[in-house]
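The values are calculated or read from the model by the stated rules, or taken from the named source; none is laboratory data. If you're wondering where the values come from, they're calculated on a predicted model, not measured in any experiment. Note: ideal-geometry Cβ built from the backbone for every residue, glycine included; neighbour counts use all protein chains shown. Just so you know, the surface numbers come from the protein's heavy atoms only, side chains and all, with ligands and any DNA or RNA stripped out. Shrake-Rupley method; radii C 1.70, N 1.55, O 1.52, S 1.80 Å.
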Amino acid sequence: MTMNNRYMRNIVLALLAAVMSPLAVCAQTAAAPSAAVPSAVKFGYFSYSEVMKSMPDYAVAQQNLASLRKQYEDETKRSEEEFNQKYELFLDAQGELDGPILKKRQAELQELLTKSIEFKNEARRLLRQARADMYAPLRKKLAALLANIGRKHGYAFILNTDGDALPYVNPANGEDITDIVKGAVAASAAKHAPVQPTVDEDDDLDIDDITPDDADLDIVK
């Protein structure tokens with residue numbers, strides 16, 4: 001066989017292999033049993049902020065936070081008033097002050113202003129931290145409730161719709177569970193509410209039922 005014939009034979013074999021390989025794959029695919037079609041993903045969605053505000057402890061946290069915020073605001077206002085008062089006194093007297101005293105008063109005012117600004121910034125940080133600490137138990141409770149709801153209803157995940165984070169949901173896949181979560185919150189609050197003592201009607205004591213022996217009193221003369 002000549003060199004050209006062998007070359008042409010190799011080309012034909014390569015072409016046949018290229019054609020037959022896809023056919024073999026198709027045959028294997030057809031012979032294999034069909035895979036199960038995965039079911040549609042099921043998930044829930046709700047408004048996190050709306051549910052948080054429905055929790056009884058949320059109102060308590062808000063009151064505590066408002067009280068703390070007022071304390072910091074009052075202290076900030078006091079510092080600002082103190083600075084303004086001293087600054088006005090400085091302006092009135094600066095023309096009569098000797099150089100070293102003038103520089104000392106200026107340094108005192110600058111230090112007072114710096115401390116006031118630092119306190120204001122620190123107050124903001126402390127309020128943010130206080131807010132996070134007060135809301136942490138609520139978030140923990142809500143996370144536990146959501147986990148139970150997710151398992152019970154077979155949700156793959158639960159989304160928060162606050163801030164237009166979920167502009168469209170296919171009803172075949174997603175379910176609005178805001179009311180379900182609110183109901184779970186109310187049930188949990190009722191379950192953990194302190195038990196109020198009950199008064200037996202038979203235990204009610206009428207003053208007319210008191211006998212002289214029952215009314216024995218020690219009188220200090």
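Can you pull out every residue in region 89-124 that is of a type in the set (D, E, K, R) and part of a helix (DSSP H, G or I)? Before you say what the answer is, go through the steps one by one.
Here is the first cut: in region 89-124, the ones of a type in the set (D, E, K, R) are 92, 96, 98, 103-105, 108, 111, 115, 118, 120, 122, 124.
Of everything in region 89-124, those that are of a type in the set (D, E, K, R) and part of a helix (DSSP H, G or I) turn out to be Asp92, Glu96, Lys103, Lys104, Arg105, Glu108, Glu111, Lys115, Glu118, Lys120, Glu122, Arg124.
For region 145-166, the set of residues classified as within 17 Å of Lys182 (Cα to Cα) and small (Gly, Ala, Ser) consists of Ala147, Gly150, listed by residue number.
Mind checking which residues of region 104-141 are within 21 Å of Ala66 (Cα to Cα), among the small types (Gly, Ala, Ser) and surrounded by fewer than 15 Cβ atoms within 10 Å (Cβ to Cβ)? Across region 104-141, the qualifying residues are Ala132, Ala136. Out of curiosity, is Thr114 on the phi < 0 side of the Ramachandran plot and in contact (Cβ under 8 Å) with a residue 60 or more places away in the chain? Answer is no for this residue. For region 33-49, check the following and say yes or no: at least one residue is modelled with pLDDT of 95 or more, open to solvent by 90 Å² or more (accessible area, probe 1.4 Å), assigned to a helix (DSSP H, G or I) and under 30 Å from Ala190 (Cβ atoms). No. Just one of the listed residues (Leu126, Leu91, Leu68) is at pLDDT below 95 and out of contact with any Lys or Arg (no Cβ under 6 Å at 6 or more places or on another chain), namely Leu91. Screening Ala189 with (1) in contact with a helix residue (DSSP H, G or I) (Cβ under 8 Å, 6 or more places away or on another chain); (2) open to solvent by 50 Å² or more (accessible area, probe 1.4 Å) gives one miss only, at (2). The residue list Tyr168, Tyr155 contains one member that is open to solvent by less than 50 Å² (accessible area, probe 1.4 Å) and more than 19 Å from Ser54 (Cβ to Cβ), which is Tyr155.
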